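Remarks on the structure that follows.
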Amino acid sequence: MLSIRDNNIENGRFLRHASLGIAIDREHWGKGYGREAVTWALNWAFRRAAMHKVSLRVCGYNADAIKLYESMGFVLEGKLRDEVWHDGIFWDYYAYSLLEEEWRRLYGHEKKDEEV
């Protein structure tokens, strides 16, 4: 499942910030679907939906996802301590984001006229 939530309307203004979340069934872990989904979401967010920022949160027990997001250029913005109870212990949540200019620099995308 891939979810891009646009909670960008504040007082009638478009804020250009989307939240990203993905969930992949355990039997499909390690096959590159996470990278494929995030790549698609970033392309859509920055090229088609005119987002300035894409953010996400990930739980500390999900080391593979953290490694993926960091390898794709997401920057750690902060930590929510003991935010989630999982398997008998509390885990921190980490907040990451990627800005449009960072994405363009990392992935070599120049802004085109047909983009929003």
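Here are a few things to note about the model shown:
Quick grid of which residues meet (1) among the hydrophobic types (A, V, I, L, M, F, W, C); (2) modelled with pLDDT under 95; (3) surrounded by fewer than 12 Cβ atoms within 10 Å (Cβ to Cβ):
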| position | (1), (2), (3) |
| --- | --- |
| Arg13 | no, yes, yes |
| Ser71 | no, no, yes |
| Val75 | yes, no, no |
| Phe90 | yes, no, yes |
| Ala95 | yes, no, no |
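To keep it simple, each residue is scored yes or no on (1) outside any strand (DSSP E or B); (2) farther than 17 Å from Leu15 by Cβ.
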| position | (1), (2) |
| --- | --- |
| Ala50 | yes, no |
| Lys67 | yes, yes |
| Tyr93 | no, yes |
| Arg104 | yes, yes |
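- Subset of region 52-64 (residues that are outside any loop (DSSP other than H, G, I, E, B) and touching a residue at least 40 places away in the same chain (Cβ under 8 Å)): Lys53, Val54, Ser55, Leu56
The values are calculated or read from the model by the stated rules, or taken from the named source; none is laboratory data. Just so you know, these numbers come straight off a predicted model, no measurement behind them. Using ideal geometry, Cβ is built from the backbone for each residue, glycine included, and neighbour counts are taken over all protein chains shown.
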